[in-house]
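Okay, so here's the structure we're looking at.
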Amino acid sequence: MNKPIKIVINNFDYYYNKKQALYKLNLEIQANEILSVFGPANSGITTLLRSLNRLAELNPEGRAEGEILLDGKSIYDEDVNVTELRRRVGMVFDVPTPLPMTIFDNIVYGPRLSGVKNKKDLTAIVEESLWQAALWDDVKDRLGMPAMSLSGGQQQRLCIARVLALKPEVILLDRPCSGLDPISTAKIEESLIQLKEKFTIVIAPHNVQQAGRISDRVAFMLMGKLIEEGPNEEVFANPKDQRTSDYITGRFG
């Protein structure tokens, strides 16, 4: 049975000044799935992810054409609150960026800005978010420690927990394991597979192997164009496009 559609991308183009980064993208993203979007450098994947919550428009040279729908509503409608959009569609970047404060304060930074003041509520948010990010057991006895004292893998899971604390519906991850060791990578992958029960996850994976391990569906992009997308097993076992086959078998990229 097909899951409901969470995000619809229709004929979406993106430009930086006159340079086109994305070409006529059409893609549906199902709720409660992990979609891996992969391809070589300069494929437009980061631009796509940053377009899904309008972070791309922080670049003054950026310009979007086409349509992105979240739960059937255009994210570009005039009545859309961009801050609220970015809460609903949270993003985790490739380099961990803990705030220069304690582990506890990192997690509650967003909820506090949103008006949550009760200490009991904030403590509950911290515990739930760290559980979901598979970090609670590591840090539960040192929540008052500086976040910068954590290892790289722990910092990345802290950044995931910080996004989760805002109760998003969609989580975007741009190569979140690119600088991590295999053990940290495995922990993040395990937590993502559990998180899809509650969230929709769109990830630019660290490599093709990671896409194969964690995805429900995959999308292959090349030079700003969507070449092929479909269920993980189908695309990896029987790609329809020769370029997809060449990339996943390591002939280029």
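The values are calculated or read from the model by the stated rules, or taken from the named source; none is laboratory data. Bear in mind the structure is a predicted one, so any value in this text is a computation, not a measurement. Positions of Cβ are backbone-derived with ideal geometry, glycine not excepted, and every protein chain shown enters the neighbour counts. These area figures cover heavy atoms from the full protein model, side chains too; ligands, DNA and RNA do not enter into them. Shrake-Rupley method; radii C 1.70, N 1.55, O 1.52, S 1.80 Å.
Residue 37's amide H: which non-local residues (gap 5+, or another chain) put their own amide H closer than 5 Å, with H modeled 1.01 Å from N in plane and none for Pro or chain starts?
Answer set, sorted by chain and number: 203, 204, 219.
Taking amide H positions as placed 1.01 Å from N in the peptide plane, with prolines and chain starts having none, which residues 5 or more places from residue 22, or on another chain, fall under 5 Å of its amide H?
14
How large is log10 I(q)/I(0) at q = 0.14, 0.15, 0.18 Å⁻¹ when the Debye formula is applied to the Cα atoms of the stretch 4-152, each weighted equally and without solvent?
After summing over all Cα pairs, the log10 values are -0.86, -0.95, -1.14.
Under the 0.36 nm per residue contour assumption, what length would be gained going from the current alpha-carbon distance of residue 67 and residue 20 to full extension?
15.3 nm
Taking the chain as a Gaussian network, Cα atoms linked when under 10 Å apart, which of 111, 40, 60 shows the biggest mean-square fluctuation?
Looking only at 111, 40, 60, the biggest GNM fluctuation is shown by 60.
Provide 94, 13, 137 ordered by accessible surface of protein heavy atoms (probe 1.4 Å), highest first.
Sorted descending by solvent-accessible area, the residues read 137, 94, 13.
Across the stretch 207-224, in residue order, what do the Karplus-derived ³J(HN,Hα) couplings come to in whole Hz, using 6.51 cos²θ - 1.76 cosθ + 1.60 with θ = phi - 60° and x for Gly and Pro?
Coupling constants for the stretch 207-224: 7, 4, 4, 5, 4, x, 6, 10, 8, 8, 9, 10, 9, 9, 10, 8, 6, x Hz.
Take the Cα coordinates of the chain, assign each an equal point scatterer, and use the Debye formula without solvent to give log10 I(q)/I(0) at q = 0.15, 0.18 Å⁻¹.
Each listed q maps to, in turn, -1.08, -1.45.
Give the long-range amide H neighbours of residue 227: residues separated by 5 or more places, or on another chain, with amide H under 5 Å away, using H modelled in the peptide plane at 1.01 Å from N.
220, 221, 222
For the residue pair residue 223 and residue 124, what label-to-label distance in nm results when each label sits 7 Å from Cα along the Cα-to-beta-carbon direction?
5.4
Using only the alpha-carbon atoms, what does the stretch 104-253 span along each of its principal axes? Please give whole angstrom values in decreasing order.
Result, largest extent first: 56, 28, 24 Å.
Once the cut-off is 18 Å, how many percent of the Cα-Cα pairs in the stretch 59-105 end up in the long-distance tail?
The proportion of pairs with Cα distances above 18 Å equals 54 percent.
Take residue 181 and residue 251, extend 7 Å from each Cα along the Cα→Cβ direction, and tell me the distance between the two endpoints in nm.
Distance between label points: 3.8 nm.
At 1.4 Å probe size, with no ligands or nucleic acids counted, give the accessible surface of residue 19 in Å², nearest ten.
Looks like 140 Å² after rounding.
Might you tell me the accessible area per residue for the chain, computed with a 1.4 Å probe and given in Å²?
48
When we measure straight from the Cα of residue 24, which aspartates and glutamates land under 12 angstrom away, once same-chain ones fewer than 8 places off are left out?
Qualifying aspartates and glutamates at Cα under 12 Å: 13, 65, 67.
Accessible area of the chain with a 1.4 Å probe: how many percent of it is carbon plus sulfur?
Exposed carbon and sulfur together represent 51 percent of the surface.
Applying 1/(1 + (r/R0)^6) with R0 = 25 Å to the Cβ-Cβ distance of residue 82 and residue 42, what FRET efficiency is obtained, to the nearest 0.05?
0.40
List, in order, the whole-Hz ³J(HN,Hα) value for each residue of the stretch 137-150 obtained from phi through the Karplus relation with A = 6.51, B = -1.76, C = 1.60 and θ = phi - 60°; use x for Gly and Pro.
4, 6, 10, 4, 9, 9, 5, x, 7, x, 4, 5, 7, 6
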